[in-house]
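Notes for the one structure printed next.
The values are calculated or read from the model by the stated rules, or taken from the named source; none is laboratory data. Given the structure is predicted, the values throughout are model-derived calculations rather than measurements. Note that each Cβ is placed from the backbone with ideal geometry, even for glycine, and that neighbours are counted across all protein chains shown.
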Amino acid sequence: MYVAATVPYILLTVLLIRGATLEGAKEGLLYYVVPKWERLASPSGNYLLSVVKLKCHQLTYFQNLVWINKDNDAMKTGRIVLAN
């Protein structure tokens, strides 16, 4: 009865354990998690930071609009903001 709800979690757990036990998994996770500060200091990195800053401001602004107007769908508004 609850197979459809639990099987995805079981499979994801098995895949997570399998991926974590592969050779080089630690290096791969560190490459993904640790930022490369020299790349962030480059001109393209500055552009990336400005885009992230802009999106954070947009999300804050639209979150306030949703808070004011309770009839708005917050998830729909968030998807619209992130898509732009």
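Quick notes on this structure:
- Considering only residues in region 52-84 that are under 15 Å from the mean Cα position of the chain (by Cα) and β-branched (V, I, T), the one that is modelled with the lowest pLDDT turns out to be V81.
- Y2 meets the conditions (1) farther than 29 Å from R79 by Cβ; (2) touching a residue at least 24 places away in the same chain (Cβ under 8 Å) in every case but one. The failed one is (2).
- Hey, R39 modelled with pLDDT under 80 and surrounded by 10 or more Cβ atoms within 10 Å (Cβ to Cβ) or not: yes
- Between L11, L15, L49, the distinction of being touching a Leu at 6+ places or on another chain (Cβ under 8 Å) and surrounded by 10 or more Cβ atoms within 10 Å (Cβ to Cβ) belongs to L49 only.
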